[in-house]
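Student: This structure is in structure tokens; I'll ask about it shortly.
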Amino acid sequence: MVDKPPYDELIQRIRDLKTENTTLRQDLVQVKCSENKFRMMIENIPDIIWTISADNLRTEYLSPSVETMLGYSAEELKQKSVKEMVTPASFEFGTQYLANVLEKQKTDPSIMQQTHSFEIEYICKDGSLLWMELTAKLIFGEKGNVIDIIGVSRDISKRMIAEKALKKSEERYRSLFENSRDAIYITTITGKMIEFNPSGIALFGYTRNEMIGSDILKIYDNPEDRKKFQKTIRENGYVTDYEIKFKKKDDTRIDCLLTSTLWYSETGEVLGYQGIIRDITDQKRMIQQLQQMQKMEAIGTLAGGIAHNFNNLLMTIQGNTSLMLMKTDPEHPNYKKLRTIEQHIQHGSDLSRQLLGFARGGQHESKTINLNVIVRMSSKIFATTKKEITVHYTLDDDLLPICADPGQIEQTILNLLVNAAQAMPDGGDIYIQTENVFLNEFQLAPYQNEGGRYVKISVTDTGIGMDKIIQEKIFDPFFTTKGHGQGTGLGLSSVYGIVKNHRGYVTVYSEEGKGSTFKIFLPASDKLPEKKKKATEPLLRGNETILIVDDEAMLTETGKSMLNELGYQVLTANDGKTAIETYASHPQKIDLVILDMIMPKMSGRATFNHLKIIDPAVKVLVSSGYGINGQASKLLEKGCRGFIQKPFNMMELSKKIRDSLGYKSQK
């Protein structure tokens with residue numbers, strides 16, 4: 001029989017049990033409270049919290065947010081395997097990742113305590129895909145086997161979109177960087193090059209390995225320019241279209257525009273410079289060529305005016321000399337002196353013609369010619385006077401014809417040959433080459449010429465050459481490097497004018513001590529070369545009435561004397577208004593009008609128009625100190641009978657008058 005515990009002890013035990021029950025009830029309340037808190041957190045967190053059985057890879061728990069993200073309820077997903085919840089690629093990646101972890105765990109037990117994270121693509125209920133970042137931990141059993149996987153899946157679709165946009169943006173800017181025609185660079189603050197695009201590498205002629213990591217100072221022509229650049233960019237934070245001269249690997253100098261900014265770190269620290277370099281060497285050369293053309297055009301206008309006035313002076317001298325020669329016996333001592341005067345008048349006329357050629361207003365009687373013929377003839381004449389110089393030819397046998405004035409082209413070639421000879425005072429070699437070329441419009445942009453087929457002639461000498469300063473001035477009228485009295489300075493300027501007048505252009509390349517090369521490009525013609533006709537110059541007389549119109553009284557008096565000597569009746573007028581009044585008073589009597597083009601108040605053109613109103617069949621011979629181009633050619637198109645350029649002699653005058661009067665008259 002067991003002894004019963006005393007009553008007091010039973011009472012104490014009941015009290016202890018009651019106290020423990022109260023404590024347990026309090027703990028239970030706290031546990032339930034804590035459970036409610038955690039459940040509330042889990043059910044309201046936007047991420048999906050889940051547990052997966054390692055045995056069948058099915059979910060055991062899914063937080064309510066799964067329905068918001070994937071469209072499935074937790075109960076619906078519990079009926080699916082993980083393989084059905086993600087894309088095939090993600091499932092394959094996940095299972096392979098798990099297999100790798102388990103394999104490593106065999107040799108590294110610390111793997112059991114690690115958390116794993118990777119990106120995975122879920123399949124939503126509506127069929128859309130959703131990228132999520134999965135963070136998971138493996139739960140191991142007592143035997144070391146995986147029994148459960150717990151984890152969190154976070155929506156990263158917006159981040160993925162942003163990353164793709166950033167990647168696309170980077171690719172776009174990388175494409176711009178790689179394919180830009182301008183050089184793009186990044187350097188450190190000390191000038192070490194850390195990036196240079198392909199255009200920059202090609203521009204300076206270095207390889208990428210030679211450029212990256214080297215000092216950018218090596219591409220500066222003048223190291224002081226870098227100091228100025230650094231000072232400017234530090235003051236302003238940037239530079240825009242900063243003109244600077246760089247040099248290539250082969251030491252070639254190039255003109256560039258530099259646009260650059262400071263390169264900052266995320267904290268605002270200046271790390272270096274980044275910018276764009278644009279090569280403007282060709283652009284500057286084209287601008288200089290255009291400016292040179294504009295200058296030559298202005299000088300040409302001035303030269304043309306000088307030539308016109310000079311021809312008027314020569315006309316008076318020539319006219320009176322011709323009259324005196326007609327009345328002087330060839331045996332008389334003065335006859336020879338008069339002939340000498342006439343020769344010098346011709347020299348003066350040649351000089352004036354060179355000026356007019358430069359001014360693009362010289363007499364230009366175009367014919368279809370073979371340039372090789374002119375080259376051979378001109379160089380043959382030149383060779384007889386310069387036997388210490390050897391001329392070499394490389395002439396294209398299939399050279400295309402050109403439409404040009406043979407006399408002016410001959411003068412052009414002779415001027416180039418003479419210029420070459422003057423560069424070789426001790427003798428040397430001249431190389432003449434002709435060939436057909438095709439030029440595109442962009443190649444001719446500086447010269448404002450049309451693209452197409454051209455005939456090129458180049459004249460190269462082995463002389464002393466020229467520096468760049470002289471090259472910029474050689475086509476200026478009266479510019480010469482020779483001493484006083486040894487040259488007029490019109491040879492190359494007339495070359496420029498004649499070539500320009502033939503819709504061509506001329507270039508020069510020269511180096512001091514290495515000679516010079518002049519290249520002339522003239523438009524090719526589709527016509528066949530014209531056969532040369534033998535000219536006859538008989539002194540022809542007549543008895544018709546001629547009205548001579550010129551604002552220079554001295555010229556009308558000289559002209560009247562010359563015409564009287566040829567047998568003509570002569571009327572004179574010193575301005576357009578008087579000429580119109582005189583013709584209106586003798587409409588049936590005047591057979592021919594010799595009309596000066598350039599007159600004050602009323603020009604030759606305006607005078608001709610009034611004469612045409614009075615008599616549509618009026619016969620007019622245009623006379624001018626300028627050439628046949630421009631206004632004179634327009635009057636010929638309107639019905640003038642011919643053109644005669646001052647100064648002219650008696651023989652030329654007599655033939656032009658008969659030619660003009662020889663047309664059938666409708667009067």
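The values are calculated or read from the model by the stated rules, or taken from the named source; none is laboratory data. Given the structure is predicted, the values throughout are model-derived calculations rather than measurements. Here the Cβ is made from the backbone with ideal geometry for all residues, glycine too, and neighbour counts use every protein chain on show.
Here's the yes/no breakdown for (1) loosely packed, with under 14 Cβ neighbours inside 10 Å; (2) in contact with a helix residue (DSSP H, G or I) (Cβ under 8 Å, 6 or more places away or on another chain); (3) within 30 Å of R181 (Cβ to Cβ):
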{"site": "K245", "(1), (2), (3)": "yes, yes, yes"}
{"site": "D251", "(1), (2), (3)": "yes, no, yes"}
{"site": "Q274", "(1), (2), (3)": "no, no, yes"}
{"site": "D282", "(1), (2), (3)": "yes, no, yes"}
{"site": "L290", "(1), (2), (3)": "no, yes, yes"}
{"site": "T316", "(1), (2), (3)": "no, yes, no"}
{"site": "N320", "(1), (2), (3)": "no, yes, no"}
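Student: Between K137, K158, which is assigned to a helix (DSSP H, G or I) and under 30 Å from S65 (Cα atoms)? Break it down into steps so the answer makes sense when it comes.
Tutor: On the way: K137 fails: assigned to a helix (DSSP H, G or I).
The conditions single out K158.
Student: Still on this model: Is there any pair with a first residue in region 84-105 that is in the same structural domain as E133 (by TED's automatic domain parsing) and a second that is assigned to a loop (DSSP other than H, G, I, E, B) and surrounded by 14 or more Cβ atoms within 10 Å (Cβ to Cβ) whose Cβ atoms are under 9 Å apart and which are 6 or more apart or on different chains, and what are they?
Tutor: Close Cβ pairs (under 9 Å, with a partner that is assigned to a loop (DSSP other than H, G, I, E, B) and surrounded by 14 or more Cβ atoms within 10 Å (Cβ to Cβ)) amount to M85/Y72; T95/L57; L98/A54.
Student: What number of residues within region 384-413 satisfy the criterion of being surrounded by 13 or more Cβ atoms within 10 Å (Cβ to Cβ) and under 17 Å from L522 (Cβ atoms)? I'd like the intermediate steps shown before the answer.
Tutor: So the first thing to find is which residues in region 384-413 are surrounded by 13 or more Cβ atoms within 10 Å (Cβ to Cβ), and the list is 386, 389-391, 393, 395-396, 399-413.
Applying the additional criterion that residues be under 17 Å from L522 (Cβ atoms) yields 395-396, 399-413.
Looking only at that region, the number is 17.
Student: Now, a different point. Taking E210, is it at pLDDT 90 or above, of a type outside the set (K, R) and assigned to a strand (DSSP E or B)?
Tutor: Numbers: at pLDDT 90 or above: yes; of a type outside the set (K, R): yes; assigned to a strand (DSSP E or B): no.
Answer is no for this residue.
Student: Within region 144-169, can you find the residues that are small (G, A, S) and more than 60 Å from the chain's Cα centre (by Cα)? Talk me through it step by step, then tell me what you get.
Tutor: At the first step, the residues of region 144-169 found to be small (G, A, S) are 144, 151, 153, 157, 162, 165, 169.
Hits for region 144-169 are G144, G151.
Student: Inspect region 347-362 for any residue being at pLDDT 75 or above and in contact with a helix residue (DSSP H, G or I) (Cβ under 6 Å, 6 or more places away or on another chain) and give the result as yes or no.
Tutor: At the first step, the residues of region 347-362 found to be at pLDDT 75 or above are none.
Scanning region 347-362 turns up no residue that is at pLDDT 75 or above and in contact with a helix residue (DSSP H, G or I) (Cβ under 6 Å, 6 or more places away or on another chain).
Student: Between K192, K167, which is not assigned by TED's automatic domain parsing to the domain that holds L262 and not aliphatic (A, V, I, L, M)?
Tutor: On the way: K192 fails: not assigned by TED's automatic domain parsing to the domain that holds L262.
Testing whether each residue is not assigned by TED's automatic domain parsing to the domain that holds L262 and not aliphatic (A, V, I, L, M) leaves just K167.
Student: Which residues, counting only those in region 147-159, are free of Cβ contacts under 8 Å to residues at least 40 places away in the same chain, closer than 22 Å to T115 by Cβ and not β-branched (V, I, T)?
Tutor: Result: R159, single match.
Student: Need the failing condition index for T188 against (1) without any contact (Cβ under 8 Å) to a residue 60 or more places away in the chain; (2) touching a strand residue (DSSP E or B) at 6+ places or on another chain (Cβ under 8 Å), just the number.
Tutor: (1)
Student: Which number in (1) aliphatic (A, V, I, L, M); (2) surrounded by 21 or more Cβ atoms within 10 Å (Cβ to Cβ); (3) in contact with a Pro (Cβ under 8 Å, 6 or more places away or on another chain) marks the one condition that I614 misses?
Tutor: The failed condition is (2).
Student: A further question follows. Which one of I186, I201, I147 is aliphatic (A, V, I, L, M), at pLDDT 90 or above and out of contact with any helix residue (DSSP H, G or I) (no Cβ under 9 Å at 6 or more places or on another chain)? Step through it out loud before you land on a result.
Tutor: On the way: I201 fails: out of contact with any helix residue (DSSP H, G or I) (no Cβ under 9 Å at 6 or more places or on another chain); I147 fails: at pLDDT 90 or above.
Of the residues listed, the single one that is aliphatic (A, V, I, L, M), at pLDDT 90 or above and out of contact with any helix residue (DSSP H, G or I) (no Cβ under 9 Å at 6 or more places or on another chain) is I186.
Student: Which of (1) under 20 Å from L313 (Cβ atoms); (2) surrounded by fewer than 22 Cβ atoms within 10 Å (Cβ to Cβ) is the odd one out, the single condition H586 does not satisfy?
Tutor: Of everything listed in (1) under 20 Å from L313 (Cβ atoms); (2) surrounded by fewer than 22 Cβ atoms within 10 Å (Cβ to Cβ), H586 misses just condition (1).
Student: May I pose another question? When K638 is evaluated against the numbered criteria (1) farther than 24 Å from M554 by Cα; (2) modelled with pLDDT of 90 or more, which criterion, by number, is the only one it fails?
Tutor: Going through the list (1) farther than 24 Å from M554 by Cα; (2) modelled with pLDDT of 90 or more, K638 breaks only (2).
Student: Now a separate question. When only residues in region 603-653 that are hydroxyl-bearing (S, T, Y) and part of a loop (DSSP other than H, G, I, E, B) count, which is farthest from I546 (Cα to Cα)? Step through it out loud before you land on a result.
Tutor: Initially, region 603-653 is screened for residues hydroxyl-bearing (S, T, Y), giving 603, 607, 623-624, 626, 633.
Still in the list and also part of a loop (DSSP other than H, G, I, E, B): 603, 626.
Details: S603: 19, Y626: 22 Å.
The qualifying residue farthest from I546 (Cα to Cα) is Y626.
Student: I've got another one for you. Could you check Q569 against (1) under 30 Å from H344 (Cβ atoms); (2) among the polar types (S, T, N, Q); (3) at pLDDT 90 or above and say which number it fails?
Tutor: (1)
Student: Confirm whether G559 is out of contact with any Pro (no Cβ under 7 Å at 6 or more places or on another chain) and either crowded, with 22+ Cβ neighbours inside 10 Å or assigned to a strand (DSSP E or B) (or both). Can you show your working first?
Tutor: On the way: out of contact with any Pro (no Cβ under 7 Å at 6 or more places or on another chain): yes; either crowded, with 22+ Cβ neighbours inside 10 Å or assigned to a strand (DSSP E or B) (or both): yes.
The answer is yes for G559.
Student: Then there is this: Looking at region 51-80, I want the residues that are in contact (Cβ under 8 Å) with a residue 60 or more places away in the chain and have a partner that is of a type outside the set (F, W, Y) and in a helix (DSSP H, G or I) with Cβ atoms under 9 Å, at least 6 apart or on another chain. Which pairs are those?
Tutor: I52/V82; A54/L98; E60/K78; L70/L77; L70/M85
Student: Working only within region 395-446, note down all residues that are polar (S, T, N, Q), modelled with pLDDT under 90 and closer than 19 Å to F518 by Cα.
Tutor: Of all residues in region 395-446, those polar (S, T, N, Q) come to 408, 411-412, 415, 419, 422, 433-434, 436, 440, 443.
Remaining after also requiring modelled with pLDDT under 90: 408, 411-412, 415, 419, 422, 440, 443.
Within region 395-446, Q408, Q411, T412, N415, N419, Q422, Q443 meet the criteria.
Student: Please enumerate the residues belonging to region 65-97 that are surrounded by 14 or more Cβ atoms within 10 Å (Cβ to Cβ), in contact with a strand residue (DSSP E or B) (Cβ under 8 Å, 6 or more places away or on another chain) and part of a helix (DSSP H, G or I).
Tutor: S65, V66, M69, L70, A74, L77, V82, M85, S90, F93, G94, Y97
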